[in-house]
1. Could you look through the range 1-16, keep only residues that are open to solvent by 70 Å² or more (accessible area, probe 1.4 Å) and either of a type in the set (Ser, Thr, Tyr) or more than 9 Å from the ligand (Cβ to nearest atom) (or both), and pick out the one that is farthest from Ala88 (Cα to Cα)?
2. Cβ-Cβ under 7 Å, sequence separation 6+ or interchain: first residue in the range 28-41 and within 21 Å of Leu73 (Cβ to Cβ), partner more than 10 Å from the ligand (Cβ to nearest atom) and assigned to a loop (DSSP other than H, G, I, E, B). Which pairs?
3. Here is a list: Tyr8, Tyr83, Tyr67. Which entry is in contact with a Phe, Trp or Tyr (Cβ under 8 Å, 6 or more places away or on another chain) and aromatic (Phe, Trp, Tyr)?
4. Taking Ala19 as the residue in question, decide whether it is near the ligand (Cβ under 8 Å from one of its atoms), assigned to a loop (DSSP other than H, G, I, E, B), among the hydrophobic types (A, V, I, L, M, F, W, C) and at negative phi.
5. Where in the range 30-147 are the strands (runs of 3 or more DSSP E), entirely inside, with at least 1 residues that are within 8 Å of the ligand (Cβ to nearest atom) and either in contact with a His (Cβ under 9 Å, 6 or more places away or on another chain) or open to solvent by 20 Å² or more (accessible area, probe 1.4 Å) (or both)?
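The values are calculated or read from the model by the stated rules, or taken from the named source; none is laboratory data. Everything numeric in this text was worked out from a predicted model, so none of it was measured. Note: ideal-geometry Cβ built from the backbone for every residue, glycine included; neighbour counts use all protein chains shown. Ligands, DNA and RNA are excluded from the accessible area calculation, which covers all protein heavy atoms including side chains. Shrake-Rupley method; radii C 1.70, N 1.55, O 1.52, S 1.80 Å.
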Amino acid sequence: MSSSEEEYAPSPTGWVRDAVAKIVASGDTRSGQFNSSQPVVLLTMVGAKTGQLRKVPLMRVERDGKYLAVASLGGAPKHPVWYYNLLADPKVSLQDGTETNEYVARELDGDERAEWWELAGQVFPNYLEYQQKTERLIPVFLLERVG
Ligand code: F42
């Protein structure tokens, strides 16, 4: 669906916009690590209303080639906007390091969500604090490779 060179609509949030710009310029997600040490992946998706490409860095939570997209937004009361993009069009590309592949995102629930949430909390313990800050159940998508 998208390579890193394609036109995309930059995030209105300065630090996120800068992280994406660094990743796109270097071609490597390691240049956009969160707090300089927490690995991230870069999701490229289609905006549900505008149809524009959106690039969203997220924490790298991976197991057996599957990745999570955790819609935590720092424990804010509302879901991030990209959550609705993924529901509307679950086809995304995901860049990890210098490698980009196509994935389909599926929102998890029940035991499956609980199992993957445990991994998310191990990889990035702040997610557990974010969950305590908000009344919403933080959505978790599983990204499985296609093609
Ligand atoms: N956010 C997380 O939720 N989870 C993470 O694990 C996470 C990690 C992370 C690591 C590094 C980093 O730099 C950022 C990280 N973030 C993480 C922040 C993340 O990248 C997003 O910036 C954050 O989740 C907010 O996402 P958002 O989609 O709510 O962004 C807002 C500010 C935004 O960009 N809004 C756009 C705008 O112009 O206002 C619209 C974006 C959009 O997709 N619009 C749709 C469209 O059609 O284009 C409309 C969709 C609709 O239904 O309205």
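1. Glu5
2. From the range 28-41, the pairs are Thr29/Gly97.
3. Step by step, each of Tyr8, Tyr83, Tyr67 is checked, and only Tyr67 is in contact with a Phe, Trp or Tyr (Cβ under 8 Å, 6 or more places away or on another chain) and aromatic (Phe, Trp, Tyr).
4. no
5. Of the strands (runs of 3 or more DSSP E) lying wholly inside the range 30-147, those with at least 1 residues that are within 8 Å of the ligand (Cβ to nearest atom) and either in contact with a His (Cβ under 9 Å, 6 or more places away or on another chain) or open to solvent by 20 Å² or more (accessible area, probe 1.4 Å) (or both) span 40-46, 53-59.
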